[in-house]
Structures are given as C-alpha cells and as structure tokens.
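Each reported figure results from applying straightforward, stated rules to the coordinates on display, with no laboratory input. What you see is a predicted model; the values in this text were computed from it and never measured. FYI the Cβ positions are ideal-geometry reconstructions off the backbone, even for glycines, and counts take in every protein chain you see.
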Amino acid sequence: MIFSERLKKEREKRNWSQNDLAEKIHVSRQSVSKWETRKNYPSIEVLINLSDLFQITLDELLRSDEELKEKIIRESKQLAFPKRKMFFDIVLVIGAFLLVSKLIIFGLNKFAGTDITILESMPVVSNFLPLALMVIGGIGSDYLKDKYVD
C-alpha cells in the first residue's frame, strides 16, 4: 500500500476529516489533501508525527512507497561543497546575464541604429567571456551537485 492510501486509511479508521488530521499535526488541510492525492509528500518531521499519532512505525507508513523513500533519502543528504556549488551557480548566472546583455546590445545596434560598444579594444573578451563563464559555471555546478557528505 502506498503512503497516500495508508494515510487516508489510517485517518478514516479514526473517523477524522482531513481538517481534523491537519490540526493534530499542525499543517493545513490542503497539505493533507495533497498527500492523499499524491501531489506532494510531507517532510520527515511530519512523517514522524504521523507515525506517532497513528501508533505505527515509519516502516509501516513508508515501506511500499518508493517515490517517498527516495524523497526522504534525497532530503537527508547534505552537499559536500555547498559554497563552491553556489559559486559556480553564480558564475553561470553572471555568464547568462552577460550573454543576454550582449544580445540586447547587438539587437539595438542592428535594428535601432544605435552604436553601443563594449570593450572595443578587447573583442575576444566581450565575445567569449559570457560563454566561458556559462560553461565553467555549468560544468562546476553539475559536477558538485551530486557530491554529498558521507
């Protein structure tokens, strides 16, 4: 039995409405509804509260729902290098911003008749820097996204 079915079964066994259950675990009724319709899953803290409330083990509550088990495992992991990953994410965003800026300036020069130049004396930098930043940021961020603390 998947988590959503088990939750609804346990709630109905006690003749509780979704609102009753929500009040007991301090969440909104909409959250309970989303859990029961598999649109979302609760956090590990809420799962522990549900386990205590229903007097069943977490294993009984979760065992057959592969998607929920994967979510809990994923949330429990911590990135090994969060600051480095954020640095590469920022480098990627800066590169994208520079590329968009370059394209806007190119469009203005081409179609609006303006004559905006950026780093005219260093065309290699102005032409390839955005791309280089995006590639470096993307590769670094992608490499670090799956590095977790053991």
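Approximating the spin labels as points 7 Å out from Cα along Cα→Cβ, the Phe111-to-Trp16 distance works out to 5.8 nm.
Once the C-beta distance of Glu60 and Lys39 is scaled by a Förster radius of 25 Å, the resulting FRET efficiency is 0.65 to the nearest 0.05.
At full extension, Glu5 and Leu131 could sit 40.5 nm farther apart than now, given 0.36 nm per residue minus the alpha carbon distance.
Here the sum of -39500 (n - 2.57) over DSSP H runs of 4 or more residues, divided by the residues of the chain, equals -22500 deg cm²/dmol at 222 nm, to the nearest 500. The phi-based Karplus calculation (6.51 cos²θ - 1.76 cosθ + 1.60; θ = phi - 60°) puts the 3J(HN,Hα) values of segment 93-106 at 5, 4, x, 5, 4, 5, 5, 4, 4, 4, 5, 5, 4, 4 Hz, whole numbers, x for Gly and Pro.
So which lysines can Lys110 reach, going by Cα to Cα under 18 Å and dropping same-chain residues fewer than 8 places off? By straight Cα distance, Lys110 reaches Lys102. In this structure, the amide hydrogen of Lys147, modeled 1.01 Å from its nitrogen in the peptide plane, lies closer than 5 angstrom to those of Ala80, counting only residues at least 5 positions away or on a different chain. Model label points for Met122 and Glu67, set 7 angstrom from Cα along the Cα-to-Cβ axis, are 5.0 nm apart. Pairs spanning more than 20 Å between alpha-carbon atoms, out of Lys39/Lys69; Lys77/Lys145; Lys77/Lys147; Lys34/Lys69; Lys39/Lys145; Lys8/Lys39: Lys39/Lys145.
The string of couplings for segment 19-33 from the Karplus curve (6.51, -1.76, 1.60, θ = phi - 60°) is 5, 4, 5, 4, 5, 5, 10, 6, 10, 7, 5, 4, 4, 4, 4 Hz, one whole number per residue in order, with x for Gly and Pro. In this simple spin-label model, placing a label point 7 Å from the Cα along the Cα-to-Cβ direction at both Asn49 and Ile94 gives a separation of 4.2 nm.
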